[in-house]
Amino acid sequence: MNIRRLLFLPTLVASAISTGTAQAQTEPRFGTRSPLECGAPVKSQPNEQEMKMLIRCKFEKKTNDHITLLEDIKVESGKTRAYSQFLDGYATSIDTDAKVLPIRGSLISYQCNVITKLPAHPSVYDVDNTGKNCMVVKQPHAEGKCYKTTFGDWWCGMQELVDPSLFVINQPPPPIR
């Protein structure tokens, strides 16, 4: 492969990611796609697509035991407001001089465990959670905010407090796109 092709490849990958045509990385241990890898910081007030990306970037994580993914994110922003110590005091990196952008919408959260395929044993039931290793939580009335950090980057978070009785277990992972 010549040097010109090597220099072109990052541009091609960045273009594919921004247009949503990139091949998803997979996590075979969980039967899912990989969490979103955070790209370059957003330096100006985010648009709808950037808000979705920032929300996913904040919440999608992988540990040894499980992976958390978000799907079907819908978000809309309200009118900016001033920083409030009561509403925003927990945000330790917030720029208290910058406006805060309230957001609301919906999303579906998946928390998937490692796929296990343990053979049946006469005294123990067969343990195979393939295709049913996730807990799904629909959040139809999520709320949150986007704000500028003291480093000039934007951060967004949105969620809904959901009654644990609404958690649906033994569900398949989200489709890999």
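The values are calculated or read from the model by the stated rules, or taken from the named source; none is laboratory data. If you're wondering where the values come from, they're calculated on a predicted model, not measured in any experiment. Please note: Cβ atoms are built from the backbone with ideal geometry, for glycine as well, and neighbour counts cover all protein chains shown.
What number goes with the only condition from (1) part of a loop (DSSP other than H, G, I, E, B); (2) at pLDDT 95 or above that residue 136 does not pass?
Condition (1) is where residue 136 drops out.
Taking residue 67 as the residue in question, decide whether it is among the hydrophobic types (A, V, I, L, M, F, W, C), under 21 Å from residue 105 (Cα atoms) and modelled with pLDDT of 95 or more.
When the stated conditions are applied, residue 67 does not pass them.
Name the pairs whose Cβ atoms lie under 7 Å apart, with the first residue in segment 61-86 and under 29 Å from residue 99 (Cβ atoms) and among the polar types (S, T, N, Q), the second surrounded by fewer than 16 Cβ atoms within 10 Å (Cβ to Cβ) and modelled with pLDDT of 95 or more, and 6 or more positions between them or separate chains?
Note: pairs meeting the criteria are 80/99.
Within segment 155-177, take every residue that is surrounded by 15 or more Cβ atoms within 10 Å (Cβ to Cβ) and polar (S, T, N, Q) and give me the one that is farthest from residue 70 (Cα to Cα).
171
For the structure I just gave you, tell me whether residue 108 is in a strand (DSSP E or B) and in contact with a Cys (Cβ under 8 Å, 6 or more places away or on another chain).
Considered against the rule, which asks whether it is in a strand (DSSP E or B) and in contact with a Cys (Cβ under 8 Å, 6 or more places away or on another chain), residue 108 comes out as no.
Taking the stated definitions as given, is residue 130 part of a loop (DSSP other than H, G, I, E, B) and in contact with a helix residue (DSSP H, G or I) (Cβ under 9 Å, 6 or more places away or on another chain)?
The answer is no for residue 130.
Among 89, 131, 152, 78, which is the only one that is loosely packed, with under 14 Cβ neighbours inside 10 Å, closer than 28 Å to residue 44 by Cβ, modelled with pLDDT under 95 and of a type in the set (Gly, Ala, Ser)?
Being loosely packed, with under 14 Cβ neighbours inside 10 Å, closer than 28 Å to residue 44 by Cβ, modelled with pLDDT under 95 and of a type in the set (Gly, Ala, Ser) holds for just one of 89, 131, 152, 78, which is 89.
Name every residue in segment 155-168 that is at pLDDT 95 or above and among the β-branched types (Val, Ile, Thr), in order of residue number.
Residue satisfying the conditions is 168 alone.
Can you name the number of the only condition in (1) at pLDDT below 95; (2) aliphatic (A, V, I, L, M); (3) buried (at least 18 other Cβ atoms within 10 Å of the Cβ) that residue 118 fails?
Unmet condition: (3).
Is one or more of the residues making up segment 89-99 in contact (Cβ under 8 Å) with a residue 12 or more places away in the chain, on the phi < 0 side of the Ramachandran plot, of a type in the set (Val, Ile, Thr) and part of a loop (DSSP other than H, G, I, E, B)?
Within segment 89-99, one or more residues are in contact (Cβ under 8 Å) with a residue 12 or more places away in the chain, on the phi < 0 side of the Ramachandran plot, of a type in the set (Val, Ile, Thr) and part of a loop (DSSP other than H, G, I, E, B).
For residue 109, which of the numbered conditions (1) closer than 27 Å to residue 34 by Cβ; (2) of a type in the set (Ser, Thr, Tyr); (3) without any contact (Cβ under 8 Å) to a residue 12 or more places away in the chain fails to hold?
So residue 109 meets the others, but not (3).
Mind checking which residues of segment 40-75 are assigned to a strand (DSSP E or B), exposed (fewer than 15 other Cβ atoms within 10 Å of the Cβ) and over 8 Å from the mean Cα position of the chain (by Cα)?
Within segment 40-75, 72, 74 meet the criteria.
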